[in-house]
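Below: one structure, written as C-alpha coordinates.
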Amino acid sequence: MQKKYRRSFDEIQEIVRDTEAFFESNRIDESLRMKVDLSLEELFVNMVSYNTETDQDILIEMRVIDQGIEVSLTDFDVERFDPTLAADVDIDAPLSERDPGGLGLYLVLKMADSIHYQYHDRTSKITFTNRVSAE
(Lines give C-alpha, C1' and ligand atoms only; values in the text may rest on other atoms or scores of the structure.)
Protein backbone atom coordinates (compact mmCIF):
# COMPACT_ATOMS: atom_id res chain seq x y z
CA MET A 1 0.00 0.00 0.00
CA GLN A 2 1.18 3.50 -0.70
CA LYS A 3 -0.78 6.66 -0.22
CA LYS A 4 -0.12 10.37 0.24
CA TYR A 5 -1.65 12.27 3.15
CA ARG A 6 -2.11 16.02 3.55
CA ARG A 7 0.08 17.76 6.13
CA SER A 8 -2.72 17.91 8.65
CA PHE A 9 -3.41 16.31 12.01
CA ASP A 10 -6.90 15.59 10.64
CA GLU A 11 -5.31 12.88 8.48
CA ILE A 12 -4.45 10.69 11.49
CA GLN A 13 -7.90 9.09 11.54
CA GLU A 14 -7.56 8.20 7.86
CA ILE A 15 -4.08 6.76 8.46
CA VAL A 16 -5.42 4.57 11.29
CA ARG A 17 -8.31 3.37 9.10
CA ASP A 18 -5.92 2.57 6.24
CA THR A 19 -3.58 0.72 8.60
CA GLU A 20 -6.49 -1.32 9.97
CA ALA A 21 -7.58 -2.22 6.43
CA PHE A 22 -4.01 -3.15 5.45
CA PHE A 23 -3.63 -5.40 8.49
CA GLU A 24 -6.95 -7.07 7.78
CA SER A 25 -6.49 -7.60 4.04
CA ASN A 26 -2.96 -8.96 4.52
CA ARG A 27 -3.75 -10.98 7.66
CA ILE A 28 -0.96 -9.36 9.65
CA ASP A 29 -0.84 -10.35 13.31
CA GLU A 30 -3.01 -7.88 15.25
CA SER A 31 -0.52 -7.87 18.14
CA LEU A 32 1.59 -5.49 16.02
CA ARG A 33 -1.18 -2.94 15.43
CA MET A 34 -0.66 -0.79 18.52
CA LYS A 35 3.08 -0.43 17.89
CA VAL A 36 2.52 0.42 14.24
CA ASP A 37 -0.30 2.88 14.93
CA LEU A 38 1.64 4.68 17.68
CA SER A 39 4.83 4.84 15.63
CA LEU A 40 3.04 6.07 12.52
CA GLU A 41 1.16 8.72 14.47
CA GLU A 42 4.27 9.98 16.27
CA LEU A 43 6.39 10.17 13.10
CA PHE A 44 3.59 11.76 11.04
CA VAL A 45 2.84 14.36 13.74
CA ASN A 46 6.56 15.20 13.99
CA MET A 47 6.79 15.70 10.23
CA VAL A 48 3.71 17.95 10.19
CA SER A 49 4.83 19.88 13.29
CA TYR A 50 8.51 20.42 12.53
CA ASN A 51 8.91 20.30 8.74
CA THR A 52 7.05 23.55 8.20
CA GLU A 53 9.12 24.69 5.21
CA THR A 54 7.04 22.56 2.83
CA ASP A 55 3.40 22.04 1.99
CA GLN A 56 3.89 18.77 0.11
CA ASP A 57 1.95 15.68 1.13
CA ILE A 58 3.58 12.93 3.16
CA LEU A 59 3.86 9.52 1.52
CA ILE A 60 3.18 6.47 3.68
CA GLU A 61 4.02 3.01 2.38
CA MET A 62 3.30 -0.34 4.03
CA ARG A 63 4.42 -3.75 2.95
CA VAL A 64 4.23 -7.21 4.37
CA ILE A 65 7.53 -8.74 5.45
CA ASP A 66 8.34 -12.10 7.01
CA GLN A 67 6.44 -12.26 10.32
CA GLY A 68 5.45 -8.61 10.20
CA ILE A 69 5.24 -5.26 8.50
CA GLU A 70 7.54 -2.57 7.11
CA VAL A 71 6.33 1.04 7.13
CA SER A 72 7.93 4.06 5.44
CA LEU A 73 7.11 7.73 5.75
CA THR A 74 8.59 10.04 3.11
CA ASP A 75 8.60 13.81 3.50
CA PHE A 76 9.50 15.97 0.50
CA ASP A 77 11.38 19.29 0.26
CA VAL A 78 12.52 19.31 3.89
CA GLU A 79 15.68 19.71 5.95
CA ARG A 80 17.51 16.66 7.30
CA PHE A 81 16.39 15.26 10.64
CA ASP A 82 17.58 11.76 11.45
CA PRO A 83 15.42 10.38 14.27
CA THR A 84 17.89 7.55 14.83
CA LEU A 85 20.40 10.15 16.09
CA ALA A 86 17.98 11.81 18.53
CA ALA A 87 19.33 12.37 22.03
CA ASP A 88 18.46 9.74 24.58
CA VAL A 89 15.66 10.53 26.98
CA ASP A 90 16.39 9.93 30.65
CA ILE A 91 13.11 8.28 31.60
CA ASP A 92 14.31 7.87 35.19
CA ALA A 93 14.89 11.59 35.76
CA PRO A 94 12.22 13.51 37.68
CA LEU A 95 9.81 15.42 35.44
CA SER A 96 11.12 18.72 36.78
CA GLU A 97 14.59 17.88 35.41
CA ARG A 98 13.53 16.71 31.94
CA ASP A 99 13.53 18.79 28.79
CA PRO A 100 10.15 18.85 27.06
CA GLY A 101 9.71 16.68 23.99
CA GLY A 102 11.47 13.63 22.67
CA LEU A 103 9.53 10.99 24.57
CA GLY A 104 7.37 10.00 21.58
CA LEU A 105 10.39 9.49 19.36
CA TYR A 106 12.09 7.58 22.17
CA LEU A 107 9.09 5.21 22.28
CA VAL A 108 9.16 4.73 18.50
CA LEU A 109 12.83 3.80 18.64
CA LYS A 110 12.13 1.32 21.46
CA MET A 111 9.02 -0.24 19.84
CA ALA A 112 10.45 -0.76 16.35
CA ASP A 113 12.41 -3.90 15.61
CA SER A 114 14.46 -1.80 13.21
CA ILE A 115 14.45 1.79 12.05
CA HIS A 116 16.33 3.26 9.11
CA TYR A 117 16.70 6.83 7.89
CA GLN A 118 17.56 8.08 4.40
CA TYR A 119 18.00 11.64 3.17
CA HIS A 120 18.66 12.69 -0.41
CA ASP A 121 17.80 15.82 -2.41
CA ARG A 122 15.71 17.32 0.41
CA THR A 123 13.69 14.10 0.74
CA SER A 124 13.54 12.49 4.16
CA LYS A 125 12.50 8.85 4.51
CA ILE A 126 12.02 6.94 7.76
CA THR A 127 11.41 3.19 7.55
CA PHE A 128 10.60 0.98 10.51
CA THR A 129 9.73 -2.68 10.90
CA ASN A 130 7.74 -4.59 13.46
CA ARG A 131 7.73 -8.39 13.62
CA VAL A 132 5.90 -10.91 15.73
CA SER A 133 8.20 -12.10 18.51
CA ALA A 134 9.17 -15.76 18.50
CA GLU A 135 7.85 -17.25 21.73
Subject >> Breaking point among (1) within 15 Å of the chain's Cα centre (by Cα); (2) buried (at least 16 other Cβ atoms within 10 Å of the Cβ); (3) modelled with pLDDT under 90, for V89 >> reply: (1)
**OP:** Could you please find all residues in the range 1-58 being under 19 Å from R131 (Cβ atoms), buried (at least 16 other Cβ atoms within 10 Å of the Cβ) and without any contact (Cβ under 8 Å) to a residue 60 or more places away in the chain?
**Re:** T19, F22, F23, I28, R33, D37, L40
Original post:
Is it fair to say F81 is part of a loop (DSSP other than H, G, I, E, B), within 26 Å of D18 (Cβ to Cβ) and at pLDDT 85 or above?
Top reply: yes
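The values are calculated or read from the model by the stated rules, or taken from the named source; none is laboratory data. Since the structure is predicted, the reported quantities are computational estimates derived from the model, not experimental observations. Virtual Cβ from ideal backbone geometry, glycine too; neighbours counted across all protein chains shown.
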